[in-house]
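Asks: This is the structure, below, for whatever I ask next.
Just so it is clear, none of the values below were taken in a lab; they were calculated from the coordinates. On a predicted model such as this, the values are computed, not experimentally measured, just so you know. So basically every Cβ, Gly included, is an ideal-geometry build from the backbone, and we count neighbours across all protein chains shown.
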Amino acid sequence: MIKRGNFKWFAALIAAGLLALSAAAVNPSYGALPKLDNIRVALFLSFPGKYNLVTPAATLSSAGGLKIGFRNPDSTSQLVTVASGTNVRFALDDYKVKLIETPSFTNALAVFNAVKSASGSGYITSLGKNGTTVYQVTEGNYASAAEAAAASAKWSSNSSLKSLGAAIELAGPLHLESGTFSSQQEAEQAAQSFGDAGVDAFVALRQPPGENAARYSVMVGAASDQAGLDGVKLKAASAVGSDSLQAASADPYMLIRRDLTGTQKADSSIMQYMLPPTAAKVWVSPAGSEGLKLSERYNRTYRGNFEFSGMNGKLAVINELPFEQYLYSVVGAEMPGSWPAEALKAQAVAARTYALYQGTGFQIAQVVDTTLSQVYGGIGSEKTSTVKAVQATEGEVAVYNGALIESLFSSSSGGKTADATEIWNQGIAYLKSVDSPDDLSEKGLYRWYRIALPSGMTGYVREDVVEPTGRTNAAGAPIVRVKQDGTNIRTNPLIQDNVAPVGKASAGTEAAVLEETVQSNEMNWYRGPFSSDDLLASMKGKTSAPVSGPIQSLQITGRGPSGRVTEMRINGSVLPIKYPDSLRSALGGLPSTLFNVESTADMTMMGAGGEASVKTSRTSGAYVLGASGRAAAGEGNMFIMNGSGTIRPVTQEAAYRFTGNGSGHGLGLSQYGAKALADRGYDYQKILKYYYTDVTIVKD
């Protein structure tokens, strides 16, 4: 969990009689505290300024089948049953760019792939028109005709689409609609009549007000404006039943299409239910006891039910499930199930308190499933031990002065938890800095060597890819030998898939060891070096005022009670950030604000008069006095040994290297620290009271 929610206080009065209970008695019930029977977790949501994780469509299935209906203000319906293991897609019936309509699936697939390669969001669907099957490729999920028109202009200039014969036009959510039918089969026969007249026609599912049964209609056309809809009506005039066509009702509906996007096979489609961006909530429940699998969220399977609706022009995907069952997954996603039971119980109480504290933090949901709230991975994150931890603490929450606390937690506090002032510039009584035994995260990790190769290249290698030679160089640094060809030389003591190695070394290459350290981890970490351009790009949009470069100096000028950085100066001026914790994202995505920074070009030099000066770059030249007394200009990397014998490479141009402790904001409970305390015999209540100052654990 990394972000602080809106600060909400819930008043709670404690009956005087409860104060007389002894410490050995059952915890009192705080009746005024908020409760949840079910919790709503946003898996995809567009909430500008707070959260934006969207998907053009959502694909559900369940081993026991699905039940699909509408969510009404006071009830839910089950109108359609889908067979076991069958995939069904849900999307918004909004504005799109229609790229091609063709009887050739091969041609349609080529257009779809061209859109995909250009980072577009494409669909392939099929329908009957003029006595044959045609394939339509559409792109995008646009909230307005203007947005779709802008996208259309972009796709019209795409040379790949032009070469494939794309005929670009706008499609939209404006339809004509027939009367109702009692079965889908009858509606499909009517749709075919309109298709034979050369217009798009789709079966739609509705639930008439006051009824709990499905009714079907035919929606004709997919126009983006009234003029387009008038054209559809004129073209459909020759079809049987055209005299019944009216503008589609604004009541909730699901438009049913055959979707080939996932299968990419002409003879293999799945049902796609398209709902209007407003005024409709689609409700999906498992038909059996098995969970619901959502393909677009890593194929995770979830308890409870799903709700689909439109919010801010995008598809909102909400998982609603029993609150305590939600915690089964959160505890398992936030903390390894193999950890001690008391640590898991502490996590359960913290997670329960945090979720209740949020209220409806995301307008149509209490929480999201990422670290912006707390991690929720569905059934796959549950373990027997995490279920037991939740059940053993059922209903228990942490309060301060009778109100729920914002029970923040992070992976590791780096040895000392943060004080709230270091994160938000605002003190919170129960979020004080305390020592934390977090070095457990280093147990069993590899050692890494920072080496210098004969070429002058420097970087890190893991201990198992080199072997000692038993020799040292003239500066006393141990010499190691590379074991295998193509050994990667890393920027930091960590294998990072998104960071390219600085180079490779061949078997037999000898290198000097400049430093030995443990693998970068939650307790001790390394990041960078970042160039001036790297940091300026990272700061863009994350500071309260623009920062201009190039960066000549970057200094720590303020620290809080735990040692976390609260202020930095860039080129002598204070780095403008809203909260100290914003430094993490502004400086390239640092794990915590408990860090030090060094410029890789800095050298402290002693002049002839005995005066020391710091040189921040070597663009003006640096000269080295050799044993013969001759001075030579330093070129490329130089190596400097300090008074304690540590050797450090100095680069020609300044870059900035960060070393630090902890992972996360550091407020409240430290998960690695909780495990260490549990190993020492602390129970879960003692762990919670250790990290949250002066709190009480009560049963809601």
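Asks: Within region 408-446, what residues put their amide N at less than 12 Å from the label point 7 Å along the Cα-to-Cβ vector of ASN401?
Replies: Residues 428-430 qualify, since their backbone N sits under 12 Å from the label point.
Asks: Further, regarding this structure: Starting from the Cα-Cα distance between ALA507 and ALA392, subtract it from 0.36 nm times their residue separation and give me the gain in nm to one decimal. If you can, show how the numbers build up before the last one.
Replies: On the way: separation 115, 0.36 × 115 = 41.40 nm, distance 5.57 nm.
Taking ALA507 through ALA392 to full extension adds about 35.8 nm, to one decimal.
Asks: Also: Stretched out fully, how many nm does the piece from SER249 to SER295 gain, at 0.36 nm a residue minus the Cα gap? Show your work: numbers first, answer last.
Replies: Working: separation 46, 0.36 × 46 = 16.56 nm, distance 3.17 nm.
Gain on stretching SER249 to SER295: 13.4 nm.
Asks: Where the eigenvalues come from the Cα gyration tensor of region 194-236, what are the semi-axes √(5λ) of the equivalent ellipsoid, largest first, in whole Å? Working shown, then result.
Replies: Working: eigenvalues 128, 31, 9 Å².
Over the Cα atoms of region 194-236, the semi-axes work out to 25, 12, 7 Å.
Asks: Another one. To the nearest 0.05, how large is the calculated FRET efficiency for THR693 and THR106 if R₀ is 56 Å and r is the Cβ-Cβ distance? Working shown, then result.
Replies: Values: r = 67 Å, r/R0 = 1.20.
The computed FRET efficiency comes out at 0.25.
Asks: Can you give me the convex hull volume of the Cα atoms of the chain, divided per residue and expressed in Å³? Please list the in-between numbers first.
Replies: On the way: hull volume 148.0 nm³, N = 700.
Taking only Cα atoms, the chain has a hull volume of 211 Å³ per residue.
Asks: Kirkwood Rh over Cα pairs of region 80-282 into Stokes-Einstein at 10 °C, 1.306 mPa s: D in µm²/s?
Replies: 92 µm²/s
Asks: Highest mean first, how do 347-354, 439-446, 193-200, 83-90 rank when packing is the count of other Cβ atoms within 10 Å averaged over residues? Working shown, then result.
Replies: Numbers: 347-354: 28.1, 439-446: 14.5, 193-200: 21.1, 83-90: 16.4.
In decreasing order of mean packing, 347-354, 439-446, 193-200, 83-90 become 347-354, 193-200, 83-90, 439-446.
Asks: Let me ask something else about it. Count the net charge of all other residues whose Cβ sits under 15 Å from the Cβ of THR86, scoring Lys and Arg as +1 and Asp and Glu as -1. Intermediate values should be presented prior to the final figure.
Replies: Working: positive: LYS67, ARG89, ARG258, LYS293; negative: ASP259, GLU290.
Around THR86, the surrounding residues sum to +2.
Asks: Take GLN426 and TYR579, extend 7 Å from each Cα along the Cα→Cβ direction, and tell me the distance between the two endpoints in nm.
Replies: About 0.8 nm, to one decimal.
Asks: Could you tell me which of rounded, prolate or oblate describes region 446-518, using a ≥ b ≥ c as the square roots of the eigenvalues of the alpha-carbon gyration tensor, with rounded for a/c under 1.5 and, failing that, prolate when a/b is larger than b/c and oblate otherwise?
Replies: On the way: a/c = 1.65, a/b = 1.46, b/c = 1.13.
Prolate shape, in that a/c is at least 1.5 and a/b is the bigger ratio.
Asks: At a threshold of 8 angstrom on Cα-Cα distance, excluding pairs fewer than six apart, so keeping six or more, what relative contact order does region 231-351 reach in percent?
Replies: Working: 135 pairs, mean separation 17.3, N = 121.
This gives 14 percent for region 231-351.
Asks: If you count the DSSP beta bridges with both ends in the chain, what percent of them are antiparallel, to the nearest 5?
Replies: Details: 138 of 148 bridges.
Roughly 95 percent of the beta bridges in the chain run antiparallel, per DSSP.
Asks: Cross-link list LYS116/LYS235; LYS578/LYS675; LYS35/LYS67; LYS162/LYS233; LYS129/LYS265: which exceed 23 angstrom alpha carbon to alpha carbon?
Replies: From LYS116/LYS235; LYS578/LYS675; LYS35/LYS67; LYS162/LYS233; LYS129/LYS265, over 23 Å: LYS116/LYS235; LYS578/LYS675; LYS35/LYS67; LYS162/LYS233.
Asks: Which whole-number percent gives the relative contact order of the chain, counting Cα pairs below 8 Å spaced six or more residues apart?
Replies: On the way: 1653 pairs, mean separation 97.8, N = 700.
Worked out over the chain, it gives 14 percent.
Asks: Return the FRET efficiency for the residue pair SER338, LYS265: r is the Cβ-Cβ distance, R0 is 35 Å, and the value is rounded to the nearest 0.05. Kindly include the intermediate steps, with their values, before the conclusion.
Replies: Details: r = 43 Å, r/R0 = 1.23.
Working from the Cβ atoms, E equals 0.25.
Asks: Next up: Among rounded, prolate and oblate, which fits region 168-287 when a ≥ b ≥ c are the square roots of the eigenvalues of its C-alpha gyration tensor, a/c under 1.5 means rounded, and a/b larger than b/c means prolate? Mind showing how you got there, number by number?
Replies: Details: a/c = 1.42, a/b = 1.18, b/c = 1.21.
Verdict is rounded for region 168-287.
Asks: Take every Cα pair under 8 Å in region 446-518 that's 6+ residues apart, average their separations, divide by the length, and report that relative contact order as a whole percent.
Replies: Values: 164 pairs, mean separation 28.7, N = 73.
Computed value for region 446-518: 39 percent relative contact order.
Asks: Tell me the mean residue ellipticity at 222 nm calculated for the chain from its helices only (DSSP H runs of n ≥ 4, each -39500 (n - 2.57), averaged over every residue, nearest 500). Present the calculation step by step, with values, prior to reporting the outcome.
Replies: On the way: 13 runs with 125 residues, N = 700.
About -5000 deg cm²/dmol.
Asks: Would you mind computing, in nm to one decimal, how far apart the modelled labels at ILE495 and ARG559 are, each placed 7 Å from Cα along Cα→Cβ?
Replies: With each label placed 7 Å out from Cα toward Cβ, I get 3.4 nm.
Asks: Same structure, new question: Just check region 437-476 against the gyration tensor rule for me: Cα atoms, a ≥ b ≥ c as the square roots of the eigenvalues, rounded for a/c under 1.5, and otherwise prolate or oblate depending on whether a/b exceeds b/c.
Replies: On the way: a/c = 2.44, a/b = 2.16, b/c = 1.13.
Since a/c reaches 1.5 and a/b is larger than b/c, the shape of region 437-476 is classed as prolate.
Asks: Which residues' amide hydrogens lie under 5 Å from the amide hydrogen of GLU290, considering only partners 5 or more residues apart or on another chain, with H built in the peptide plane?
Replies: GLY64
Asks: Given R₀ = 45 Å, FRET efficiency for SER548-ALA213 by Cβ-Cβ distance, to 0.05? List each step's numbers first, then the result.
Replies: Details: r = 66 Å, r/R0 = 1.46.
The pair SER548/ALA213 has a calculated efficiency of 0.10.
Asks: Suppose the chain between SER238 and LYS154 were pulled fully straight at 0.36 nm per residue; how much longer would it get relative to their current alpha carbon spacing?
Replies: Values: separation 84, 0.36 × 84 = 30.24 nm, distance 3.57 nm.
In short, 26.7 nm is gained.
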